[in-house]
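J.: Starting off with a structure, shown below.
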Amino acid sequence: MNDDVLASHLQELRRGTVVMASLAILRAPTYGYALLETLADSGFAVDGNTLYPLLRRLEKQGLLTSEWNTEESRPRKFYRSTDEGAALLEVLLGEWTSLHTSIEKLR
């Protein structure tokens, strides 16, 4: 199997799962770098150049909210899922489970 082909398909598969993982983590307020670390520790290696545009897109869609914490020496932008984001997560997880079940039937 060609490594480039494999890498491309794995990237495509992970793209949607990063949204679900981010929404799951962001049930509690978390700043961007901590989110990157938590995702990496959970097996989702995501580049900052991928994550930050994703966070902005989810916020624009009303699925996340953000606010700056300037109380520490370095200001940090904290993100948290909205009620709409939490609802979307539940729908996506249900669909993920359904797709997994369907794939298992095909194996």
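The values are calculated or read from the model by the stated rules, or taken from the named source; none is laboratory data. These numbers come from a predicted model, not from an experiment. No Cβ is skipped: glycine too gets one built from the backbone with ideal geometry, and neighbour counts run over all protein chains shown.
J.: For region 28-45, enumerate the residues that are modelled with pLDDT of 90 or more, aliphatic (A, V, I, L, M) and either loosely packed, with under 12 Cβ neighbours inside 10 Å or in a loop (DSSP other than H, G, I, E, B) (or both).
T.: 28, 40
J.: Residues being without any contact (Cβ under 8 Å) to a residue 24 or more places away in the chain and either surrounded by 13 or more Cβ atoms within 10 Å (Cβ to Cβ) or not in a helix (DSSP H, G or I) (or both): count how many of those fall in region 1-27.
T.: So the answer is 4.
J.: Output the residues belonging to region 81-97 that are closer than 15 Å to residue 16 by Cα and either more than 17 Å from the chain's Cα centre (by Cα) or without any contact (Cβ under 8 Å) to a residue 40 or more places away in the chain (or both).
T.: Within region 81-97, 90, 91, 94, 95, 97 qualify.
J.: Also, quick follow-up: If you go through region 67-74 one residue at a time, do you hit one that is in contact (Cβ under 8 Å) with a residue 12 or more places away in the chain, surrounded by 13 or more Cβ atoms within 10 Å (Cβ to Cβ), touching a strand residue (DSSP E or B) at 6+ places or on another chain (Cβ under 6 Å) and over 21 Å from residue 14 (Cα atoms)?
T.: no
J.: Among the residues of region 97-105, are any assigned to a helix (DSSP H, G or I), touching a helix residue (DSSP H, G or I) at 6+ places or on another chain (Cβ under 8 Å) and at negative phi?
T.: no
J.: Here's a follow-up. Give 56, 74 a once-over and let me know the one that is out of contact with any helix residue (DSSP H, G or I) (no Cβ under 6 Å at 6 or more places or on another chain) and assigned to a helix (DSSP H, G or I).
T.: 56 is the lone residue from the list that is out of contact with any helix residue (DSSP H, G or I) (no Cβ under 6 Å at 6 or more places or on another chain) and assigned to a helix (DSSP H, G or I).
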